[in-house]
């Protein structure tokens with residue numbers, strides 16, 4: 001075996017993903033220039049995401065200016081030896097050309113179609129490795145993040161509106177002899193335009209599992225293949241997929257039905273054992289043969305929407321090669337909106353606040369849990385920034401802060417300084433004898449005076465009903481250890497607070513607390529997942 005020459009570093013082996021087995025892409029420097037097949041240049045910005053295939057960058061068609069955070073394009077890049085992006089790129093080149101989509105929109109009289117348009121693609125050599133890339137329009141956050149932020153439940157209006165837009169998208173795919181095969185909230189992204197998220201525009205993305213069900217114009221025959229069983233995302237995939245049957249139009253409509261059902265009730269009946277794929281498959285077969293029992297399981301209070309029941313019943317009657325009746329399916333949800341006294345104005349009514357731009361991720365074929373990650377300069381993975389404002393109650397986080405210790409010791413006075421008279425500490429027994437159940441908590445005499453001027457010398461107090469704030473209440477009316485009152489916090493006594501010693505009066509105390517200089521923000525309207 002020949003020896004390596006002195007001073008020559010051994011060639012680095014390509015990094016391989018443990019999850020997908022694909023070669024991981026090297027990170028390109030900010031400003032790297034790519035040239036597509038049409039000889040147009042694209043400048044890369046920062047990495048904003050990572051999929052099973054490679055990395056996702058912000059991008060711009062402006063060659064001379066730096067790519068900013070509000071860029072309207074993203075670029076997916078993977079080593080040419082990988083396959084997922086290759087399959088997705090061929091789908092876009094055949095089905096998602098802008099002129100084809102625009103023609104469909106006009107013929108169907110739609111406001112928009114939730115299918116991303118193909119923009120550009122090409123190859124690029126970096127450090128001796130050839131990469132494949134595809135330029136895409138940028139999107140906003142995905143529905144999964146919004147769904148989780150809303151307590152895992154959408155309103156009927158939102159679900160019916162999403163159903164209409166996704167049926168439009170699936171009809172277009174099916175008309176072009178393709179099926180998506182992996183419809184789910186994580187693959188539904190909001191629009192993004194001119195630096196803002198479009199909250200009423202939703203796109204169906206991620207065509208890594210897209211399948212041409214009629215390659216020669218004829219539908220592929222029904223055939224079970226155990227080796228391909230359970231393909232797709234386990235909680236939503238179709239009954240056919242559990243048997244290894246090639247995806248079909250009815251499979252797409254069935255997957256959509258499971259998504260709509262989850263968005264309405266919060267949890268599918270088989271989500272308790274997702275690791276047991278046979279259990280999931282058996283549950284779907286059982287419930288799809290008895291839709292009424294499925295509705296009772298998902299809506300135990302008896303408030304099952306008739307629309308979702310009608311839709312799933314229609315899907316259960318579809319044959320493998322039969323074309324779905326998209327118009328009748330849309331009528332179900334259009335009538336559902338009408339029953340809510342809402343007209344279909346293409347509004348999604350999503351419970352979002354402060355949505356930020358995101359980017360399409362490529363999920364593993366059999367993923368159960370979705371992870372959004374990006375890669376830093378050292379190749380380490382870290383969690384991506386959340387694209388929504390947190391729906392939980394935002395309160396000052398003082399749970400970890402240690403309360404100031406109250407002891408009888410005093411700090412030694414400096415020579416020549418006058419010592420303040422000692423004050424007796426207020427104990428729970430002495431506090432119980434007070435007439436007034438409310439104590440004024442001030443940080444200093446100046447603060448107390450300012451507070452008195454502001455509220456007319458009235459104490460700010462109230463019973464805390466919120467569970468998130470209940471820990472701030474002190475059961476004995478003393479200083480709450482959950483609030484940092486500062487080292488100068490004192491309890492100011494009122495002269496008239498102590499009744500005459502001869503009279504004994506039973507005082508009923510209420511748990512009150514004074515909250516000062518604290519902004520408490522809550523998110524109304526959130527429903528807990530049943």
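Look at where the Cα atoms of the range 168-203 and of the range 241-278 average out, and the two centres are 19 Å apart.
For the range 33-137, treating each Cα as an identical point scatterer without solvent, what Debye log10 I(q)/I(0) comes out at q = 0.11, 0.12, 0.15, 0.20 1/Å? So the normalised log intensities work out to -0.37, -0.43, -0.66, -1.07. Using alpha carbons only, how many angstrom separate the centre of the range 54-116 from the centre of the range 294-308? Value for the Cα centre distance between the two parts: 39 Å.
Relative to one another, the C-alpha centroids of the range 315-347 and the range 129-151 are positioned 27 Å apart.
Work out the P(r) tail for the range 143-374: percent of alpha carbon pairs separated by more than 32 Å, whole number. Kindly include the intermediate steps, with their values, before the conclusion.
Details: 3928 of 26796 pairs.
Considering the range 143-374, 15 percent of its Cα-Cα pairs are separated by more than 32 Å.
In percent, rounded to a whole number, the relative contact order of the range 128-212 is 36, using alpha-carbon pairs under 8 Å and six or more apart.
If R0 is 41 Å, the Cβ-Cβ spacing of residue 313 and residue 63 corresponds to a FRET efficiency of close to 0.15. Dimensions of the range 169-247 along the principal axes, based on C-alpha atoms and rounded to the nearest Å, stand at 47, 30, 16, largest first.
Could you compute how fast the range 102-211 diffuses translationally, taking Rh as the Kirkwood radius over C-alpha pairs and applying Stokes-Einstein at 10 °C with viscosity 1.306 mPa s? Give it in µm² per second. For these conditions, the coefficient is 101 µm²/s.
Mind ranking 198-208, 216-226 by how tightly packed they are, going by the mean number of other C-beta atoms within 10 angstrom, highest first? Can you show the working numbers first?
Working: 198-208: 21.5, 216-226: 11.0.
Most protected by this proxy first, the peptides run 198-208, 216-226.
Paramagnetic label reach from residue 86 (point 7 Å along Cα→Cβ; backbone nitrogen cut-off under 20 Å): within the range 26-43, residues 26, 36-37.
No value in this document is a laboratory result; all are computed from the given coordinates. Owing to the predicted nature of the structure, the values given are computational and were not obtained by experimental measurement. Ideal geometry is used to build each Cβ from the backbone, glycine not excepted, and the neighbour counts take in all protein chains shown.
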